[in-house]
Amino acid sequence: MAGLSDSDSRAEPDEAFIARIRAAYPVEAEIDRVLTRKLRGRGGPEYAPVSLDELVDGVAALIRADIGDRFSIRNPRWLAGGASKLQMAFDLDWAGKSGEGPFRTEPMVLRMEPPEAIVETSRLREFEILGVAGDVVPVPPCYWVDAEGGCLPHPALIYGFAAGTTKPAARPSTQVTGIGTNFGPELRQILAEQFVDHLAAIHTIDPARLATLQSFEQAEVGSNASVLRQIAWWRRVWDEDRPEELPLVDVAARWLIANAPPLDHVSLVHGDFRAGNFLFDEESRRITAWLDWELAVLGDRHQDLTWTTGVHFGHYHEDGQTFLASGLLPVEELHRRYKAAAGLSIDPVRLRYYRIFNDFTSCVHMLATAARVARGGKTHQDVVVGWLSMIGNVIAGKLRDSLAEVLR
């Protein structure tokens, strides 16, 4: 792929460019707000390191606006992990939001955006989703959100620190973001049971509870509007970020629009449900928290089912023959357990559709956004993001092969 030219109009988009983009791709209101904010800030400075003191001052301002001065922040420290957001851990001495409980110390995490990330998403939506998902699966308790970056340098949220690890100490991995995690035979079975049960629980949350999500447009059984909105979202991102034309992406988008299936059940879709995005306790062998809900949508369960079984997140069993989805269990066994736990069917036609959909969105992330963000120096993770951009060529090959099959 050719590099970005110095005259690239997307590097510093003007209001006419932004207006054209917004008119061309009808997306949810909160997604439009986030993407428009990204474009208007693109001409700004590159990422510059933020000090812990600056973040502590912003966190204090955000908390103070809600509960006053009856708290103190101690032991701020950087928290590693993830390819998109900047994270700081700290200890909060307080008496709870009401101020009426006993004074106590709780470990917390600040999760803040860089100037631009490999996926530009809404902290408000993530905040809302954590509140709903926490009814059925373990998630960090979420306390505050700075949706516009009013107190902090960039939009952020604060949630409780969740203990655990993403990979076993006995089987260290040099891969990033959970790719190829090997849990070993001693952990696979017990983690796999929880993994599938949690996926089923997320997908079967009461629709009345989903209706409380204010920053999400609702999805309806019998309609394909929810996936069409998603396609418009990622077509818009492609148009905003791409370094050059790539007809493959346009062909995929047209096929996805023409073949978009109506929903048979409305699910909360995590959007990145896989190894690397859950924490577990090695002693109890229990999953302690599900993380990274920023891509969550209301839509079709098959989107998660195809994502979590993707070849880049799994590996082969010690027998050299059996592929383990997310390093945990064979795909056929995952499907069997899921159907029993969720009471929902799995449609092979929808699986094929969402496999193409997920490869389409991954191409957008890697070949457009990751390349632009890394080149522009807009993130603290430019090396990781630059590495991820190279994976886009492999995924584009998969997308090409899948489209060749359905377009015969």
Looking at the structure I just gave you, is Leu367 in a helix (DSSP H, G or I) and over 22 Å from Thr181 (Cβ atoms)? yes
Quick check, is Glu294 of a type outside the set (A, V, I, L, M) and either in a helix (DSSP H, G or I) or within 30 Å of Glu186 (Cβ to Cβ) (or both)? no
Lone qualifier among Glu54, Glu30 - being modelled with pLDDT of 95 or more, buried (at least 17 other Cβ atoms within 10 Å of the Cβ) and within 20 Å of Cys151 (Cβ to Cβ): Glu30
Selection status of Gly320, closer than 30 Å to Arg209 by Cα, modelled with pLDDT under 95 and either in a loop (DSSP other than H, G, I, E, B) or of a type in the set (Lys, Arg) (or both): no
Taking the range 25-57, which residues are more than 19 Å from Arg236 (Cβ to Cβ), in a helix (DSSP H, G or I) and touching a residue at least 40 places away in the same chain (Cβ under 8 Å)? Glu54, Leu55
Select, from Arg229, Arg235, the only residue that is assigned to a helix (DSSP H, G or I), touching a Phe, Trp or Tyr at 6+ places or on another chain (Cβ under 6 Å) and touching a residue at least 12 places away in the same chain (Cβ under 8 Å). Arg235
Which pairs do you get when a residue that is in contact (Cβ under 8 Å) with a residue 40 or more places away in the chain, found in the range 90-107, comes within reach of a residue that is surrounded by fewer than 13 Cβ atoms within 10 Å (Cβ to Cβ), reach meaning Cβ atoms under 8 angstrom, with the pair 6+ apart or on two chains? Lys97/Asp66
Per the filter on the range 367-398, residues over 16 Å from Glu113 (Cα atoms), surrounded by fewer than 23 Cβ atoms within 10 Å (Cβ to Cβ) and of a type in the set (A, V, I, L, M, F, W, C) are Val383, Trp387, Met390, Ile391, Val394, Ile395, Ala396
Could you check Glu244 against (1) of a type in the set (D, E, K, R); (2) touching a residue at least 60 places away in the same chain (Cβ under 8 Å); (3) out of contact with any strand residue (DSSP E or B) (no Cβ under 9 Å at 6 or more places or on another chain); (4) under 30 Å from Arg188 (Cα atoms) and say which number it fails? (4)
Answer with yes or no whether Phe90 is assigned by TED's automatic domain parsing to the domain that holds Phe127 and either touching an Asp or Glu at 6+ places or on another chain (Cβ under 9 Å) or among the small types (Gly, Ala, Ser) (or both). no
Apart from one, (1) under 17 Å from Val196 (Cβ atoms); (2) surrounded by fewer than 24 Cβ atoms within 10 Å (Cβ to Cβ) all hold for Gly327; the odd one out is (2)
The range 351-408, residues that are acidic (Asp, Glu) and modelled with pLDDT under 95: Asp382
The range 175-217: number of residues that are within 23 Å of Ser267 (Cα to Cα) and in contact with a Ser or Thr (Cβ under 8 Å, 6 or more places away or on another chain): 8
Counting only residues that are closer than 17 Å to Thr369 by Cβ and either touching a helix residue (DSSP H, G or I) at 6+ places or on another chain (Cβ under 8 Å) or at pLDDT below 90 (or both), how many does the range 1-16 have? 9
Which of the residues belonging to the range 306-338 are without any contact (Cβ under 8 Å) to a residue 60 or more places away in the chain and within 30 Å of Leu157 (Cα to Cα)? Thr306, Trp307, Thr309, Gly310
Would you call Ala208 surrounded by fewer than 17 Cβ atoms within 10 Å (Cβ to Cβ), in the same structural domain as Met366 (by TED's automatic domain parsing) and free of Cβ contacts under 8 Å to residues at least 40 places away in the same chain? yes
Scan the range 213-226 residue by residue and report those that are touching a Gly at 6+ places or on another chain (Cβ under 7 Å) and not in a loop (DSSP other than H, G, I, E, B). Ser226
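The values are calculated or read from the model by the stated rules, or taken from the named source; none is laboratory data. Predicted, not measured: the structure shown is a model, and the values here were computed from it. A quick note on method: Cβ atoms are made from the backbone with ideal geometry, for glycine too, and the neighbour counts reach across all protein chains shown.
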